[in-house]
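So the structure is just underneath, and the comments pick up after that.
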Amino acid sequence: MKIGVAPQSELSAWTDARLVGQIAARGASARAEQTEFYRRHVGYLYAVLKRQCAGALARSQQEVEDLVQDTFRRAFERAETFHSDGVTGAEHERQRSRAWLGRIAKHLLSDALSRQRELSTLAEWVEAVAESPEAAQPSPLLRLVEEAIQALPEREQDVLRVFGLYYRAGEVNQRLPNAVSAELAARWNTTPDHIRVIRSRALTKVRAHVQGRRDALAEASS
């Protein structure tokens, strides 16, 4: 056992404030403290987020699990932001810790939803490119989008262009027809769920490319 590192059995008696204090002080080396804090609160956080992310937010189980993991990762990275404010008593301390985690999760989810809205807008550009690839005088924006798509790996190009054929402007939480998604998955030796991951990743790359080129053009003209 390393000097200064408490055994896991001893950590179970520590307060949350002490655990998080050690995480803030020692960072990634405080693995035992991170594990203990995670063990105490992961079940609660998952249950709350699963309930909150149902319905209108339409998060899948995998997305909720990813959000839980991202929340703890962010919490450990910013452990110094946790303040117990002198709260004592196991129940009060538990409530404060979970409220802290809840605020972090809320911010992460808000960021994710904002990115979704941006990607939805970008999808309209991709749809226009996919429907009229031979346009005689494409707009400067569409030229940038097409340039970005051409720079993608073949698989991501294929997924984006197929998605563009089925995109319906104004609708949320869109998915390809099951048969089309299955065909794409078979073509690229993956799963329909991963096709959605590929689509999201490709859209992110396209947006970054377009924004970067527009910024560079604006800087050059200033």
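So how far apart, in nm, are the two label points at Gln150 and Gln52 if each is 7 Å from Cα heading toward Cβ?
Simple spin-label model gives 4.5 nm for this pair.
Treat the count of other C-beta atoms within 10 Å as a stand-in for reagent exposure and order His194, His83, His209 from fewest to most.
On the way: His194 14, His83 11, His209 18.
Neighbour counts put them in this order, fewest first: His83, His194, His209.
What length, rounded to one decimal in nm, is gained on full extension from Gln157 through to Arg213, with 0.36 nm per residue of separation minus their alpha-carbon distance? List each step's numbers first, then the result.
Working: separation 56, 0.36 × 56 = 20.16 nm, distance 1.90 nm.
Between Gln157 and Arg213, full extension yields an extra 18.3 nm.
Each value in this text was obtained by applying a stated rule to the coordinates, not by laboratory testing. None of the values given here were measured: they were computed from a predicted structure. In this analysis, Cβ positions are derived from the backbone assuming ideal geometry, glycine residues included, and neighbour counts consider all displayed protein chains.
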